[in-house]
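Below is one structure; the comments refer to it alone.
The values are calculated or read from the model by the stated rules, or taken from the named source; none is laboratory data. Quick caveat: nothing in here was measured; it's all calculated off a predicted structure. Here the Cβ is made from the backbone with ideal geometry for all residues, glycine too, and neighbour counts use every protein chain on show.
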């Protein structure tokens, strides 16, 4: 049985296991492992009401995870939730884990004042696009990374 856990500062080992899962699933071990943040950094992040970390755990192992943000808006007194990373281990896909993580994120976002949750998908990531299409309204937008250095 898979259980979902909303991570707190006391869950650093689970958060680190979730980050390792992201590195494997996204094939980005350098991004998630080359310069890991300190325990103090992660604990501070997990304590914020603007950050959401959800881990799907089966038999003591993290098999899925979601990292998201609650973004306070300026144009109205409300917030939006943003799913930044979502991954499920290949052996555990097609079992409803991603859908359960998204549902938990929407509940958490609503509890923190959000009116909507949004997520981006890459062109060619057909499984993610199919999942998100079944849950919400699609908007075709362009994404730009602007360097700050």
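Summary table below
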item	result
Among residues of the range 129-141, those that are part of a helix (DSSP H, G or I) and either touching a helix residue (DSSP H, G or I) at 6+ places or on another chain (Cβ under 8 Å) or modelled with pLDDT under 70 (or both), counted	2
Scope the range 103-126; condition more than 21 Å from residue 72 (Cβ to Cβ), within 16 Å of the chain's Cα centre (by Cα) and part of a helix (DSSP H, G or I); matching residues	103
Number of the exception - residue 43 against (1) more than 16 Å from the chain's Cα centre (by Cα); (2) closer than 18 Å to residue 4 by Cβ	(2)
Elements of type helices (runs of 4 or more DSSP H) in the range 1-73, at least 3 residues being under 30 Å from residue 113 (Cα atoms)	12-25, 39-47
Identity of the residue in the range 5-49, more than 15 Å from residue 88 (Cβ to Cβ) and in contact (Cβ under 8 Å) with a residue 60 or more places away in the chain, that ends up surrounded by the most Cβ atoms within 10 Å (Cβ to Cβ)	6
Options 103, 98: the member that is closer than 30 Å to residue 60 by Cβ, surrounded by 10 or more Cβ atoms within 10 Å (Cβ to Cβ) and either at pLDDT 95 or above or out of contact with any strand residue (DSSP E or B) (no Cβ under 7 Å at 6 or more places or on another chain) (or both)	103
